[in-house]
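Asks: Here it is, the structure, as structure tokens.
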Amino acid sequence: MPAPAEKPVVAVLCERATDRPPGLGELPLEFRYCAADGLSAAVQGARALLLWDFFSTAVRDVWAVAGALEWVHVTAAGVDTLLFDELRDSAVVVTNAHGVFDRPIAEYVLGAVIAHAKDSLRSFGLQREQRWQHRETRSILGANALVVGTGAIGRETARLLRAAGLRVRGAGRVARGDDPDFGEVVASSNLRAEVGWADHVVLAAPLTPATRGLVDAGVLAAMRPGTHLVNVARGPIVDEIALVDAVAGGRIAATLDVFDCEPLPPDHPLWNAPNVTVTAHMSGDVIGWRDTLAAQFADNARRWLAGETLLNVVDKKLGYIPTGDR
């Protein structure tokens, strides 16, 4: 009898080797689970790599011994921590978790917009002080929201905000009109001239060389007093030092889920800045999200084994799936 065919090897990088994706046992694959310190051994001879620890930068360090790799799947929407020149220039296919986080992040943004309009941050503070202070708050109906980033997350956010009664525009690489989700899309390269229209500026763009530092001191200064900035993208899209200055005097407010350094250091001024809400990079993480991520990988793995085209293929030169500007 012929020897049974060997199963393709898939290395799985986890934050801890025991923190494994659920539900992959039925796939006809040999999985090598490891943490970052074991990736060099696990990736040798592996044809695929699953980045369950999606913020790790360890792939660059083991690239010299990863010559058998055909496919890398990242369980995140952003791939900025993965990409490096050798990977970009290789034939290795990169896929991501496109679609998993769209609705949860859009709900987070809508919640942030409502919480800001209803002055919830102050209410929480007054409750802790046991102070009864009646106030009038704003309606979100008719407020202006500029969503920076016209990919899937930005589009789902725009649809939800529009359904809640806000006027929405997008900001992307290419300015255009008659967009089905944004109506008008302005050029993100001209953001300084566009943000004055908005009551809420929502950052939902991938981190690329073009978006790093996009919201700088000039853009922040161009926002009207009382503007609410929501960042569900990546911390380095905003000049964080300039942001600290902008919120310190209460001229603008911010809801921030992402930061330059994560976890946010205990002595960082944003913790106690007025009108700032800080969350721990959790805008897309709803109950069951790990099961969804594992199922998405399993579906793509079956396609890979069958020789079919993979879903959610990232343009490695751009750093994202280029759906927004079509």
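Asks: Taking 8 Å as the Cα distance limit and 6 or more residues as the minimum spacing, I'd like the relative contact order of the range 208-266 as a percentage.
Replies: 40
Asks: Cα convex hull of the range 161-256: how many Å³ per residue? The partial results should precede the final answer.
Replies: Details: hull volume 9.1 nm³, N = 96.
It comes to 95 Å³ per residue, whole-number rounded.
Asks: Run the simple label-point estimate for L141 and V65 please: 7 Å along Cα→C-beta, distance reported in nm.
Replies: So the label points at L141 and V65 sit 6.4 nm apart.
Asks: Ok, one more. Could you tell me the center-to-center distance, by alpha carbons, between the range 280-308 and the range 32-90 in angstrom?
Replies: Using only Cα atoms to place each centre, the spacing works out to 17 Å.
Asks: Then there's this: May I ask you to compute the full-extension gain from D267 to R128, defined as 0.36 nm times their residue separation minus their alpha-carbon distance, rounded to one decimal in nm? Display every interim value, and only then the final one.
Replies: On the way: separation 139, 0.36 × 139 = 50.04 nm, distance 2.20 nm.
So the extension gain works out to 47.8 nm.
Asks: What per residue convex hull volume, in Å³, comes out for the range 278-326 when only alpha-carbon positions are used?
Replies: Hull volume over Cα atoms, normalised by residue count, gives 131 Å³.
Asks: With labels modelled as points extended 7 Å from the Cα through the Cβ direction, what inter-label distance (nm, one decimal) is found for A222 paired with R302?
Replies: Calculated label separation equals 4.8 nm.
Asks: Specify the longest stretch of the chain that does not include any exposed loop site, a site being one of the GluC sites (Glu not before Pro) with a non-H, G, I, E, B DSSP assignment and at most 10 other Cβ atoms within 10 Å. It would help to have the intermediate numbers written out before the result.
Replies: Working: sites that count: E6, E26, E129, E136, E308.
Longest run free of exposed loop sites: 137-307.
Asks: Give the long-range amide H neighbours of T95: residues separated by 5 or more places, or on another chain, with amide H under 5 Å away, using H modelled in the peptide plane at 1.01 Å from N.
Replies: Amide H neighbours of T95: V72, H73, V74, V314.
Asks: Here's another thing I want to ask about it. With an 8 Å cut-off on Cα pairs and a minimum separation of 6 or more residues, tell me the relative contact order of the chain in percent. Mind showing how you got there, number by number?
Replies: Working: 608 pairs, mean separation 50.7, N = 326.
Result for the chain is 16 percent.
Asks: Further question on the same structure: Is it possible to state the helix-based mean residue ellipticity at 222 nm for the chain, with each DSSP H run of 4+ residues giving -39500 (n - 2.57), the sum divided by total residues, to the nearest 500 deg cm²/dmol? What is it? Mind showing how you got there, number by number?
Replies: Values: 10 runs with 87 residues, N = 326.
My calculation for the chain gives -7500 deg cm²/dmol from helical runs alone.
Asks: Shifting gears a bit: Rounded to the nearest 20 Debye, what is the dipole magnitude of the chain about its Cα centre when Lys and Arg each give +1 and Asp and Glu each give -1 at the C-beta? Let's see the in-between values first.
Replies: On the way: 32 positive and 39 negative charges, 163 e Å.
Rounded to the nearest 20 debye, it is 780 debye.
Asks: A further question follows. Full-extension gain between F84 and L318, please, as 0.36 nm times their residue separation minus the C-alpha to C-alpha distance.
Replies: Length gained, F84 through L318: 83.0 nm.
Asks: While we're on this one: Quick one: which residues, 5 or more positions from E15 or on another chain, have an amide H under 5 Å from its amide H? H modelled 1.01 Å from N in the peptide plane, none for Pro or chain starts.
Replies: Those lying under 5 Å, H to H, from E15 are D53.
Asks: Hey, can you list the DSSP H helices of the chain whose Cα span along the axis is 15 Å or longer and whose average Kyte-Doolittle score is at least 0.0? Let's see the in-between values first.
Replies: Details: long enough: 102-117 (23 Å, 0.65); 152-163 (17 Å, -0.05); 289-305 (24 Å, -0.73).
Correct list, ordered by number: 102-117.
Asks: Could you tell me how many cubic angstrom of Cα convex hull volume the range 102-278 has per residue? Before the final figure, lay out each step's value.
Replies: On the way: hull volume 20.3 nm³, N = 177.
It is 115 Å³ per residue.
Asks: With the dipole of the chain worked out from charges on the C-beta (+1 for Lys and Arg, -1 for Asp and Glu) around the Cα centre, which of L310, A66, A143 lies farthest toward the positive end?
Replies: The residue sitting most towards the positive pole is A143.
Asks: Here's a follow-up. What do you get for chymotrypsin sites (Phe, Trp or Tyr not before Pro) in the range 108-165 restricted to DSSP loop and a cutoff of at most 14 other Cβ within 10 Å of the site's Cβ? Intermediate results must be reported in sequence, preceding the final value.
Replies: Numbers: sites: Y108, F124, W132; in loops: W132.
Answer by residue number: W132.
Asks: Here is a follow-up. Each residue of the range 79-96 in order: what ³J(HN,Hα) in whole Hz does its phi give by Karplus 6.51 cos²θ - 1.76 cosθ + 1.60, θ = phi - 60°, with x for Gly and Pro?
Replies: Values per residue, Gly and Pro as x: 10, 5, 7, 8, 5, 8, 4, 5, 5, 4, 7, 8, 8, 5, 7, 10, 10, 9 Hz.
Asks: So what's the range 4-126 giving for Cα Rg divided by 2.2 N^0.38 Å, two decimals?
Replies: Details: Rg = 18.8 Å, N = 123, 2.2 N^0.38 = 13.7 Å.
The range 4-126 yields a ratio of 1.37.
Asks: Aspartates and glutamates near K317 by alpha-carbon distance under 18 Å, same-chain residues fewer than 8 away left out - which ones?
Replies: In chain and number order, the partners are E70, D80, D85, E86, D89, D325.
Asks: Compute the distance from the alpha-carbon center of the range 95-119 to that of the range 136-189, in whole Å.
Replies: 13
Asks: So for the chain, what percent of the C-alpha to C-alpha distances run longer than 26 Å? Before the final figure, lay out the partial values.
Replies: Details: 27062 of 52975 pairs.
Here the long-distance tail beyond 26 Å is 51 percent of all Cα pairs in the chain.
Asks: OK, next. When the Kirkwood hydrodynamic radius is evaluated over all pairs of different C-alpha atoms of the range 135-180, what value in angstrom, to one decimal, is obtained?
Replies: Working: mean 1/r = 0.0879 Å⁻¹.
Here the Kirkwood hydrodynamic radius works out to 11.4 Å.
Asks: If I take every Cα pair under 8 Å that is 6 or more residues apart in the range 102-278, average their sequence separation and divide by the length, what percent do I get for the relative contact order? Present the calculation step by step, with values, prior to reporting the outcome.
Replies: Numbers: 329 pairs, mean separation 30.5, N = 177.
Relative contact order of the range 102-278: 17 percent.
Asks: Please give the FRET efficiency for R167 paired with I287, using the beta carbon to beta carbon distance and R0 = 30 Å, rounded to the nearest 0.05. The partial results should precede the final answer.
Replies: Details: r = 32 Å, r/R0 = 1.07.
The pair R167/I287 has a calculated efficiency of 0.40.
No value in this document is a laboratory result; all are computed from the given coordinates. If you're wondering where the values come from, they're calculated on a predicted model, not measured in any experiment. Methodologically, a virtual Cβ is constructed for each residue, glycine included, from the backbone with ideal geometry; neighbour enumeration extends over all protein chains shown.
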